[in-house]
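This report refers to the structure that appears directly beneath it.
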Amino acid sequence: MPRHVAIIMDGNGRWAAARGLPRVEGHRRGVEALRRTVRAATELGISVLTIFSFSSENWSRPPSEIGDLMALLRRFIRKDLAELHESNVRVRIVGEREGLERDICLLLQEAEDLTRGNTGLTLVVAFNYGARQEIARAAQLLAIEVAEGRLSAADISPELLGSHLHAPDIPDPDVIIRTSGEQRLSNFLLWQAAYSELVFVPINWPDFDRAALEGAIAEYRRRERRFGGLVANTGS
Ligand code: FPP
């Protein structure tokens, strides 16, 4: 079983369009798929589930859709936080808090604070998240340390830069799943994806369920992970 599964939840709009429904209906059904997936991940014994909920680039969408996504996040935390807490889920948030409405920041903080001591599934919500922004921020933090004389530039290593990312204690994803058939990372976990297996699933996110998650994990398990080394026991 992979320890850390990350998901790009794509295709809500196409799911809705195919049914003649407004895009927001796709996002609403997307939240239901998220609930199913959190439950399935817990049952399957996965340690960390990271979901791409709102990207730094999603601000370019029409204001009404941005409003819908913010409203869904508010409702998700208000409605589901107690149940997540009861299920021993620990919620972590990665992304920029700056630029978010104050009440959203407070809700995100509340979710992290309430569940901090939980020991079951860690649900990492990437919200207002962009990987290049995350890496640039780590570079800024290192630059400050160098400027203040606390660090020598020559000592900057991949490990040190990695330790300045949003959630350095969380292991890299073993597998990144993207739904809807699109095959790209779209600025998601670029640093952490160095050795992740990528699994592209041809269904839209609102149709994702436990069977789809198990199918993606089966595909991951068929892959051979070498981390730049050689195949074990072949002598080649
Ligand atoms: C991609 O579908 C999905 C998103 C941009 C947001 C994902 C959001 C949810 C699943 C619901 C919100 C959940 C929380 C916790 C806020 P798309 O709109 O890009 O679909 P398309 O490519 O078919 O248009």
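Summary table
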item: Of all DSSP beta bridges in the chain, antiparallel share, percent nearest 5; result: 0
item: Average accessible surface area per residue within the chain, 1.4 Å rolling probe, Å²; result: 51
item: Among 120-131, 46-57, the order from most to least packed when residues are scored by Cβ within 10 Å on average; result: 120-131, 46-57
item: Packing rank of 148-155, 167-174, 3-10, where each peptide gets the mean count of other beta carbons within 10 Å, highest leading; result: 3-10, 167-174, 148-155
item: Descending principal axes extents, segment 1-66, alpha-carbon based, whole Å; result: 38, 27, 14
item: Sequence-separation-based contact order of the chain, relative, with Cα cut under 8 Å and 6+ spacing, percent; result: 28
item: FRET efficiency estimate (nearest 0.05) - Cβ-Cβ, Ala153 to Glu96, R0 25 angstrom; result: 0.45
item: Estimated FRET transfer efficiency when R0 is 25 angstrom, pair Ser60-Gln183 (beta carbons, to 0.05); result: 0.70
item: Contour excess over end-to-end distance, with Cα ends at Tyr195 and Leu160 and 0.36 nm allotted per residue; result: 10.8 nm
item: Euclidean distance between Cα centres, segment 110-185 to segment 197-215, Å; result: 25
item: Dipole of the chain, positive direction: furthest Cα of Ala41, Gly26, Tyr195, with charges on the beta-carbon; result: Gly26
item: Stretchable slack from Ala18 to Gln140, in nm (0.36 nm times residue separation minus alpha-carbon distance); result: 39.5 nm
item: Structure-based [θ]222 nm, the chain - -39500 (n - 2.57) summed over DSSP H runs of at least 4, per residue, nearest 500; result: -14000 deg cm²/dmol
item: Where only alpha carbons of segment 98-168 are counted, the Rg and the Dmax (Å); result: 15.4, 42
item: Glu219-Val231 pseudo-label distance in nm [points 7 Å out on the Cα-to-Cβ vector]; result: 2.2
item: J(HN,Hα) series, segment 117-125, from Karplus relation 6.51 cos²θ - 1.76 cosθ + 1.60, nearest Hz, glycine and proline x; result: x, 6, 10, x, 4, 9, 9, 9, 9
item: Rounded to whole Hz, the Karplus (6.51, -1.76, 1.60) HN-Hα couplings of segment 220-225, x for glycine and proline; result: 4, 6, 6, 7, 10, 9
item: Cβ-derived FRET efficiency at R0 22 Å, Ala167 paired with Ala82, nearest 0.05; result: 0.40
item: q = 0.16, 0.19, 0.21 Å⁻¹: log10 I(q)/I(0) that the Debye formula gives for segment 98-236, counting C-alpha atoms only; result: -1.14, -1.33, -1.37
item: Alpha carbon convex hull of the chain, volume per residue in cubic angstrom; result: 150
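The values are calculated or read from the model by the stated rules, or taken from the named source; none is laboratory data. From a predicted model like this one, the values you see are computed outputs, not experimental measurements. Quick reminder, even Gly has a Cβ in these numbers, built from the backbone with ideal geometry, and neighbours come from all protein chains shown. These accessible areas exclude ligands, DNA and RNA; they are computed on the full protein's heavy atoms, side chains included. Shrake-Rupley method; radii C 1.70, N 1.55, O 1.52, S 1.80 Å.
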